[in-house]
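Data first, discussion second: the structure below is written as C-alpha cells.
The values are calculated or read from the model by the stated rules, or taken from the named source; none is laboratory data. All of these numbers come straight from a predicted model, not from anything done at the bench. Cβ: placed from backbone, ideal geometry, glycine included. Neighbour counts: every protein chain shown. Please note that ligands, DNA and RNA were not included when accessible areas were found on the heavy atoms of the full protein model with its side chains. Shrake-Rupley method; radii C 1.70, N 1.55, O 1.52, S 1.80 Å.
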Number of protein chains: 4
Amino acid sequence: MGKNRIEAFSDGVIAIIITIMVLELKVPHGETFQALAPLTPVFLSYALSFVYLGIYWNNHHHMLHTCKKVTGQVLWANLHLLFWLSLVPFTTGWMGENHFSAAPSALYGVILLMASIAYWLLQQSIIVVQGPDSLLKKAIGGDWKGKLSPVLYIAAISVAFWSQWISQGIYVLVALFWLIPDRRIERTLAVKGS
Amino acid sequence: MGKNRIEAFSDGVIAIIITIMVLELKVPHGETFQALAPLTPVFLSYALSFVYLGIYWNNHHHMLHTCKKVTGQVLWANLHLLFWLSLVPFTTGWMGENHFSAAPSALYGVILLMASIAYWLLQQSIIVVQGPDSLLKKAIGGDWKGKLSPVLYIAAISVAFWSQWISQGIYVLVALFWLIPDRRIERTLAVKGS
Amino acid sequence: MGKNRIEAFSDGVIAIIITIMVLELKVPHGETFQALAPLTPVFLSYALSFVYLGIYWNNHHHMLHTCKKVTGQVLWANLHLLFWLSLVPFTTGWMGENHFSAAPSALYGVILLMASIAYWLLQQSIIVVQGPDSLLKKAIGGDWKGKLSPVLYIAAISVAFWSQWISQGIYVLVALFWLIPDRRIERTLAVKGS
Amino acid sequence: MGKNRIEAFSDGVIAIIITIMVLELKVPHGETFQALAPLTPVFLSYALSFVYLGIYWNNHHHMLHTCKKVTGQVLWANLHLLFWLSLVPFTTGWMGENHFSAAPSALYGVILLMASIAYWLLQQSIIVVQGPDSLLKKAIGGDWKGKLSPVLYIAAISVAFWSQWISQGIYVLVALFWLIPDRRIERTLAVKGS
C-alpha cells in the first residue's frame, strides 16, 4: 500500500481543522471597530494555533516523504495524531474566549503535549517499518526539537496556574523554533540524492 | 474509469465527517476545569466515533485497493455508505449530550448497523465487478468480522432499553476487534505479488 | 493545464457541501425517540439533497473524464456550478425546517434550476474546447435528461404555491431518472477504446 | 519535494473556506419569501467573496503550475496567504449582517489587502527559488494587476467611512479585472512549449 492516500486524508483533516477553527471567531453584533475589540484574544489564539497546525502539516509532510511503506500500525499512529490535533480548535476557542486564563492555558498545553507524543509515536512506527537503515532515523538525528518540546509543554502546563503569560510565552517560543522548517530531512534526502 | 476520484471523494467526506463531529464539543462558558466536567460524555462519544470512522476509512482503503474498475453501481454503493456515515456526528452528539441514555444508544447502533450493511453491499458490488476470480472475495474469506458485526449491533440495539451500558460495551468490543487492521487483504495481496 | 486540480477542487467543494448539510440536523434536547419526530422533514430533505449532490458529483466525474484541456472559461463555468450547488444546504435546511411549505419548495426548485443551467453551460464550454470532434458531444447525444430537467424544475416551481407535494414529487422523479448513471458517456468511451 | 501536496492542501483549505462561508447564510425562521429579504446583503457579500476566492484559487493554480521546487519558504509563504484568506468568511459575514456599513467595509478591504500582499510574497518566494531564468517572472511581466490591486484596496479602505458604496464599487471593479484569467502565464507556458 502506498502513502498517497494517507497523505491525502491527513491533508484533508488538517485543512478542515485549520479552517473550522476560524468559526470560533463569531461575527459580532455591532457594526463599529469597537465591536471587534472583545475578539482580540480569540484572534490571537487562532493565529497561534494556525501556526502550530501549519508546523504539524509541514513536518508531517517531510516525515511521510521518507516513508515508502505504510503498515496498519503507521495508519493508526497517524489517526492517533489527527485525533489530538482535532481537539486543537476546541481548546483554542476555550482559551480565546477566556482571555488566556489559567485552566484553558494549561489544557492547551496538554493537547499540544499529547499531539507531540502522538507525533513521536508515528515517527517511531515509520522508523520501525524502514528497518535498520531507516532514512528517517538518520534525518532526525538527535531530534532535540522533538525531545525538548514535550518538556517545555509540561513546564508551560505546570506554570499556567501561577502565571498564564509565562505559559503563553513558552507556547510562542516552541512555535518559533519549529517555524524553521525541518532542514535535517531535506539535507539528508539531498545528500542521499547526490 | 479509475478509482482515484472515488478514493479522493470518500477521503474528503470521511475527513470532514470526522472533523465536524468535534464541533459538538462546544466551548464551555466557565474558565475552570469544573466547566469541562459536563463535556466528559460528549468527549467519550466523540472518541468512540472517531475510532469507528478511522476503522471505516482504513478498511475502505484496503477494499478499494483491490478494485480496478469502478462502475455506476460501485459509485452509488459507495455514496450509500457515505450517507450513513454522515449521520454518525448527529447520533454521536445526541448520545453524548444525553449521557448515553437508552434511545440515543439504540439509534447509535441503528446507524452503525446501516453503515455495516452499506459496507457489505459495497463489498458485494466490487466482487461482482471483479468476476469469478475476485481478489477481494479471496481476501475477505469467511468474512467473520463483517458477518458478526451486524449481529452484535442488533444485540446492542435490543439491549439498550434494558441496560445502555451493555450496549456501549458491545460498541467498544466491536471497535476493538476491527481495530486490528484487515490483514487478510494485505496477506492475499502479498501472496499474489510473490 | 491538466484537469487533476479542477477535479480535486470540485470533489473537495462537493464533499464539504454534502457534509455540512447534515449540520442542519440539529441534536434535539430530549432523550426519547419522540424528540426525533420533528426532525423527520429535515432528515427527508437532507436525504433528497444528498442524492442530488451525489448525482452531480457522479455526472461531473464522467463529464470531466472526457475533458483533456482546461481553459479559463471551463474553470469559471465550473466555479459557477459550484456556487449554485453551495446554496443547496441553505435551501434544504429552509425547506426541511418549514415542512416542505410552498416558498421553500419553490426556492429549492430555483436553486436546482440554476445548477442545471450552470451544468449545461459547463458542458457547452467543454464541448467548445474539444472542437468539432468533441467526444463529450457525441457521448451526450440528444441529452434529453439535461433538456427535460430544467423544464420539470420550472413546472415544480410554478406548482409549488398550489400544491407543494406535486413539486416534491417532481424533485423525486427527476432525481430518480438521473440516478441511472450516465451510461451514454461510458458507452461512447468504451466504443472509442475498442 | 514536489508541489502536489502543497496544491492539494491549498485546494482543501480554499474549498473549505469557500463552503463554510455559506454557513453565514442562516436559515430564516419564517416560511415566506419575505423572510428571505433580510438575507439579501448577506447573499450579495457571499457572492462577492465567492468570486474573490475563485480568483485566488484560479491564479494560485496557474502560479504553482510554474513552480517545480517547493522550499520551506514557499510552504510558509503559502500558509501565510491561506491565513488571510481564512479570515474572509468572518469579514464577509460581518459586512453582510451590517448591510455593508463603514467599519465592516473597511475591514473587508484590509483582509483583501493583506491577502494580496501575501500573494505577492508567495510569488516572490517562488521567483527566488526559480532563479534568474524564472518562468514565473517572465510570465507575470509588469504585473500591473498585482501592483494596482493593493493601491485600490487602500483607496477603498480610506473611502469607506465617507461612502461605503464607493468602497464596494472598488471591490467589485478589482474582482472584475481579475476575473479575466491570467493569460500571461498560459501564454508564456504555451510559447515555451512550442
**Asked** Using a 1.4 Å probe, how large is the accessible area of C:LYS147, given in Å² and rounded to the nearest 10?
**Response** 130 Å²
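If DNA, RNA and ligands are ignored and the probe is 1.4 Å, what is the ranking of A:TRP120, C:TRP178 by accessible area, most exposed first?
On the way: A:TRP120 120, C:TRP178 35 Å².
I get A:TRP120, C:TRP178, largest accessible area first.
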**Item:** Over the protein assembly as shown, equivalent-ellipsoid semi-axes from the Cα gyration tensor in Å
**Value:** 35, 35, 31
**Message:** Rounding to the nearest 10 and keeping the result within 0 to 90°, find how far the Cα-based axis of helix B:102-130 lies from the longest principal axis of chain B.
**Reply:** 10 degrees
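Students often get this wrong, so check it: of B:LYS3/D:LYS69; A:LYS69/A:LYS138; D:LYS69/D:LYS137; A:LYS69/D:LYS69; C:LYS69/C:LYS145; A:LYS68/B:LYS68, which have C-alpha atoms separated by over 19 Å? If you can, show how the numbers build up before the last one.
Values: B:LYS3/D:LYS69 28 Å; A:LYS69/A:LYS138 17 Å; D:LYS69/D:LYS137 15 Å; A:LYS69/D:LYS69 24 Å; C:LYS69/C:LYS145 25 Å; A:LYS68/B:LYS68 22 Å.
Pairs exceeding the cut-off: B:LYS3/D:LYS69; A:LYS69/D:LYS69; C:LYS69/C:LYS145; A:LYS68/B:LYS68.
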**Fill in**
Copies of A:ALA47 compared via label points 7 Å along Cα→Cβ give distances in nm, shortest first, of 3.5, 3.5, 4.9
**Request:** Using a 1.4 Å probe and ignoring any ligands, DNA or RNA, find the accessible area of C:ILE117 and quote it in Å² to the nearest 10.
**Result:** 70 Å²
**Prompt:** Taking the label point 7 Å from Cα in the Cβ direction, how far apart in nm is D:LEU179 from each other copy of itself, listed shortest first?
**Reply:** 3.9, 3.9, 5.5
**Message:** Using a 7 Å offset from Cα along the direction of the beta-carbon, what are the separations from C:THR32 to the same position in each other copy, nm, ascending?
**Reply:** 3.6, 3.6, 5.0
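So, with a 1.4 angstrom probe, what is the percent of accessible area on the protein assembly as shown that is carbon and sulfur? Display every interim value, and only then the final one.
Values: 21100 of 30270 Å².
Carbon-and-sulfur percentage of accessible area, whole number: 70.
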**Message:** Taking the 0 to 90 degree range and rounding to the nearest ten, how far is the long axis of helix B:164-179 tilted relative to the main principal axis of chain B, both from C-alpha atoms?
**Reply:** 40 degrees
**Message:** Can you give the local net charge around B:SER49? Use residues other than it whose beta-carbon is closer than 15 angstrom to its beta-carbon, Lys and Arg +1, Asp and Glu -1.
**Reply:** -2
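Leaving out ligands, DNA and RNA, calculate the buried accessible area for the pair A and B with a 1.4 Å probe, summed over both sides, in Å² to the nearest 100.
Values: alone 10510 and 10530 Å², together 18080 Å².
Counting protein atoms only, the buried area is about 3000 Å².
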**Per-residue HN-Hα couplings for region D:149-157 [Karplus 6.51, -1.76, 1.60; θ = phi - 60°; Hz; x = Gly/Pro]** = 4, x, 4, 5, 4, 4, 4, 5, 5
**Request:** List, in order, the whole-Hz ³J(HN,Hα) value for each residue of region D:17-31 obtained from phi through the Karplus relation with A = 6.51, B = -1.76, C = 1.60 and θ = phi - 60°; use x for Gly and Pro.
**Result:** 4, 4, 8, 6, 4, 5, 5, 5, 7, 6, 4, x, 7, x, 10
**Calculated log₁₀ intensity ratio I(q)/I(0) where the Debye formula runs over C-alpha points of region D:1-67, q = 0.13, 0.14, 0.26, 0.27 Å⁻¹** = -0.50, -0.55, -1.10, -1.14
**Request:** Note the per residue figure in Å³ for the convex hull of the C-alpha positions in region C:57-163.
**Result:** 92 Å³
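With all distinct Cα pairs included, what does the Kirkwood hydrodynamic radius of chain C come out to in Å, to one decimal, could you say?
17.7 Å
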**Fill in**
To the nearest 10 degrees, the tilt of helix B:72-86 (Cα long axis) against the first principal axis of the alpha carbons of chain B is 10 degrees
